[in-house]
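Coordinate-derived values only; no laboratory data. Bear in mind the structure is a predicted one, so any value in this text is a computation, not a measurement. Note: ideal-geometry Cβ built from the backbone for every residue, glycine included; neighbour counts use all protein chains shown.
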Amino acid sequence: MEITIQRTTAPKQKPDENHLIFGHEFTDHMFVMDWDKDIGWHDARIVPYGPLELSPASNCLHYSQETFEGLKAYRTADGHIQLFRPQENFKRLNNSNDRLSMPRIDEDFALEALKMLVELDKDWVPYGDGRSLYIRPFMIATEPNLGAHSSTQYKFLIILSPVGAYYASGLNPVNLYVETNYVRAVRGGTGFAKTGGNYAASMKAQDEAAEVGFSQVLWLDGVERKYIEEVGAMNVFFVIDGEIVTPSLQGSILPGITRKSVIEILKHWGYPVSERRLSVEELVKAYDEGRFTEMFGSGTAAVISPVGLLRYGDKDMVLSGGTIGELSQKLYDELTGIQWGKRPDPLGWIVKVC
Ligand SMILES: *Cc1c(COP(=O)(O)O)cnc(C)c1O
């Protein structure tokens, strides 16, 4: 399929790189293509960034048939622009699409479209340390029909947003509490899919956490309310007895690409890693016995997010003395080093754009 390009005739003023707020500013162009039951994907195009025309009866607005992805483009010191494991994002998008009963996209074609778009808007990739261009591919059901069934029309889009360093003043520990009231997902549901509905279901808990001064909540499984799952947009890792443990993927956890990369790099380094079920009781016991020593989250936005405090009911678990754990720092340095091209890429994760 050919991709047509309609360049903007009114390029926007670029925002001040020193004051970028996540997801507020968008580049000059976006990628769009349409799907229709009878003809499949068609009309692949790069057009000026701007509002969409949608019927108010569009399925996505009522029944949330929607999927999305998140990744970044990085500017290297020698002036190249590169992506981190983008094939994984399009593979995951198709898994999400399958679950939401939405059409699949051609993953290689989507990557070509993404590269073309990023190259066209390459001047928008920030220069400063830790800054990047956030990439948001997403798909929405657009059939104008209030009938509650799968749509017969969809749009796939990619939009780009320059973002500042996640940690403005260096890597910083966050505090979390274990959520015992609400649940995010259950096995058999949509927890493993990147879809807006999962986020809608978690906003309330997120707001309540913010009210009492916590960054995020740590979700438990929705059935037994016993096993650790993940944080809002991050997977989680625990160091117990010197072993690195992360909850296994059971269908209710989002399979993070940063999670996968952390596991692969740890194995590459020869560290003991285990993917298994981990109960909050086991964690508390290990903490009391001095065996649970470090915790961190992993996700595209923060890369590695050290956890300084984990609260469960009235039990406060202080980790790494409330500072940045040794392994958290090592992983953060390695992954960001690879992403910005400051370190070698031993596992072949980087895809050059230009
Ligand atoms: C996107 C996401 C993550 C992190 O995935 P990455 O691919 O590492 O960015 C974790 N949990 C949820 C719920 C997410 O939506």
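Dipole of the chain (Lys/Arg Cβ +1, Asp/Glu Cβ -1, origin at the Cα centre): which of Phe109, Ile228, Thr300 lies farthest to the positive side?
Phe109
Under 8 Å for C-alpha pairs, at least 6 residues apart: give me the relative contact order for the chain, rounded to a whole percent.
18 percent
Once both axes come from the Cα atoms, what is the angle between helix 107-120 and the longest principal axis of the chain, in degrees from 0 to 90, rounded to 10?
80 degrees
Roughly what angle does helix 86-99 make with the longest principal axis of the chain, taking Cα atoms, 0 to 90 degrees, to the nearest 10?
Here the helix axis deviates by roughly 90 degrees.
Count neighbours as other Cβ atoms within 10 Å of each site's Cβ, and list the trypsin sites (Lys or Arg not before Pro) in the stretch 265-304 that are DSSP loop with at most 16 such neighbours.
For trypsin sites (Lys or Arg not before Pro) across the stretch 265-304 that sit outside H, G, I, E and B with at most 16 neighbouring Cβ atoms in 10 Å, the list reads Arg277, Arg291.
Given a cut-off of under 8 Å on Cα pairs at least six residues apart, what relative contact order in percent is computed for the stretch 155-231?
Relative contact order of the stretch 155-231: 33 percent.
Could you work out the local net charge near Lys91, counting Lys and Arg as +1, Asp and Glu as -1, over the other residues with Cβ closer than 13 Å to its Cβ?
After counting each charged neighbour, the total is -1.
Report the charge-dipole magnitude of the chain in Debye, nearest 20, computed about the Cα centre from +1 at each Lys and Arg Cβ and -1 at each Asp and Glu Cβ.
So the dipole magnitude of the chain works out to roughly 240 debye.
With just the Cα atoms of the chain, tell me how far they stretch along each of the three principal axes, in Å, largest first.
On the principal axes, the chain reaches 62, 52, 37 Å in Cα extent.
Does the stretch 262-316 classify as rounded, prolate or oblate by the C-alpha gyration tensor (a ≥ b ≥ c root eigenvalues; a/c under 1.5 gives rounded; else a/b over b/c gives prolate, otherwise oblate)?
It is oblate, given that a/c is not under 1.5 and a/b is not larger than b/c.
Loop-only check: which trypsin sites (Lys or Arg not before Pro) in the stretch 17-80 are DSSP coil with at most 12 other Cβ within 10 angstrom?
Lys37
Between the helical axis of 257-269 and the dominant principal axis of the chain, each derived from Cα atoms, what acute angle in degrees is found, rounded to the nearest 10?
Orientation of helix 257-269: about 50 degrees from the principal axis.
Can you give the local net charge around Lys12? Use residues other than it whose beta-carbon is closer than 12 angstrom to its beta-carbon, Lys and Arg +1, Asp and Glu -1.
-3
What is the stretch 166-293's relative contact order, in percent, from Cα pairs under 8 angstrom and six or more apart in sequence?
Value for the stretch 166-293: 24 percent.
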